[in-house]
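Laboratory data are not the source of any read-out in this text; all were calculated from the coordinates shown. Computed from a predicted model, the values in this text were never measured in an experiment. Cβ sites come from the backbone with ideal geometry, for glycine too, and all protein chains shown count toward neighbours.
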Amino acid sequence: MMKRDVVNNNLLEQTIEYLNINYKKLCQCPSNHINCMTAKEWMKAQIGVWQFYYEGRDIRDKELHPATYPISLAKKCIELFTHQGELVIDPFVGSGTTLVAARDINRNAVGFDLHKKYIDLSKNRLSQQTIFSETQQIAICDDARNIPNYFKPETVSLFLTSPPYANLLDRKRKNKSRRSEQRKNSQYDKIEQYSQDPRDIGTLFLEKYSNEIGEIFRKLFPLLKVKGHCVINVPDMWWENERITIHISIVEALRKVGYELRNIIIWDRTNIVNRIGIFGWPSNYITMGVTFEYLLHFWRPPA
């Protein structure tokens, strides 16, 4: 850990130890390039609707974690917005997918989570990889609100995360999107909430959740390099026949604290969803929440 002095009115108040991890690029790409992609790879990333497939290393067991994205999604975001060796932070690391993807493509990465069981899961996944890497991937059990204590300002190239969905998982799962005979699977009538820890933003109603997300990312903002990027994966959800627009709440919250929205990318999940029921037929048209999610892309704009 690297020490730095925190000074207020020329008086030494405390000493904070920064995490000793590299954040400078290892590649030889020109300084005006935002990534290491070839022109052909860049062109494929221009399409604003993305599909991904899961692989054997992905976590799909909801008993382990209720909401995960595939390694391939994390890889694409990291490759698009960083160079090899640069630093990626996941403030809500969950099952550790961001860290696994970062190791695969030679980026430094640190993930944070309140819950030790998820940090243990992340560490276990990383321990199963034997490939040599010039970079570090670290899972830390701590509140996202404390992340600024670990890093120098303007050292992070990318925040990549899928935060809790307010308190919208704090209800019994009814599997209404499945055909009737498929509804009563292992998740039926279970609550998939992450925890009841009062620090967990997944326990909050949407308005307070939005305020907390904004406050967390306000504190993270100074860590981000100028023109550094932030990608947040989130769905909207239905609650008692009302569409809860989580993605709009997050866009508004981050704009208020200085981030600029650059793109909204649709994660098209239709290739991995099967056995969909006739949801809302014949009188209530409701789009299936499981068939797509949002990838909200922000950056820290130039001054």
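Close amide H partners of ALA109, meaning residues 5 or more places away or on another chain with modelled amide H under 5 Å apart, are VAL88, GLN136, GLN137, ILE138. Over the stretch 70-299, Cα pairs under 8 Å with separation of 6+ residues give a relative contact order of 18 percent. Find, among the chymotrypsin sites (Phe, Trp or Tyr not before Pro) in the stretch 193-298, those assigned to loop by DSSP (not H, G, I, E, B) with at most 15 other beta-carbon atoms within 10 angstrom. Passing both the DSSP loop test and the Cβ count: PHE205, TYR285. Applying a threshold of 20 Å to the alpha-carbon distances of LYS25/LYS117; LYS152/LYS219; LYS76/LYS256; LYS24/LYS116; LYS25/LYS116 flags LYS25/LYS117; LYS76/LYS256; LYS24/LYS116; LYS25/LYS116 as lying beyond it. Name the aspartates and glutamates eligible as straight-distance cross-link partners of LYS40: C-alpha to C-alpha under 15 Å, and not fewer than 8 places from it in the same chain. Within the straight-line limit of under 15 Å, LYS40 reaches these aspartates and glutamates: GLU79.
Under the shape rule built on the C-alpha gyration tensor, where the axes satisfy a ≥ b ≥ c, the stretch 70-299 is prolate, since a/c reaches at least 1.5 and a/b is greater than b/c. Residues whose amide H comes within less than 5 Å of that of TYR18, counting only those at least five positions distant or on another chain, are MET2, LYS3, ARG4 (H built at 1.01 Å from N in the peptide plane). Amide H contacts under 5 Å for PHE159: ILE89, HIS229, CYS230, VAL231, restricted to partners 5 or more places along the chain or on a different chain, H placed in the peptide plane at 1.01 Å from N.
Evaluating 6.51 cos²θ - 1.76 cosθ + 1.60 at θ = phi - 60° for every residue in the stretch 250-263, the Karplus couplings come out as 5, 4, 5, 5, 6, 4, 4, 9, x, 7, 10, 6, 9, 8 Hz, glycine and proline recorded as x. Phi angles of the stretch 26-33 translate, via the Karplus equation with coefficients 6.51, -1.76, 1.60 and θ = phi - 60°, into HN-Hα couplings of 9, 7, 10, 5, x, 5, 8, 8 Hz per residue; Gly and Pro are given as x.
Under a model in which nothing but the beta-carbon of Lys, Arg (+1) and Asp, Glu (-1) is charged, the stretch 15-91 shows a dipole of about 300 debye around its Cα centre.
Over all other residues within a Cβ to Cβ distance under 12 Å of HIS247, the charged ones net out to -2, with Lys and Arg as +1 and Asp and Glu as -1.
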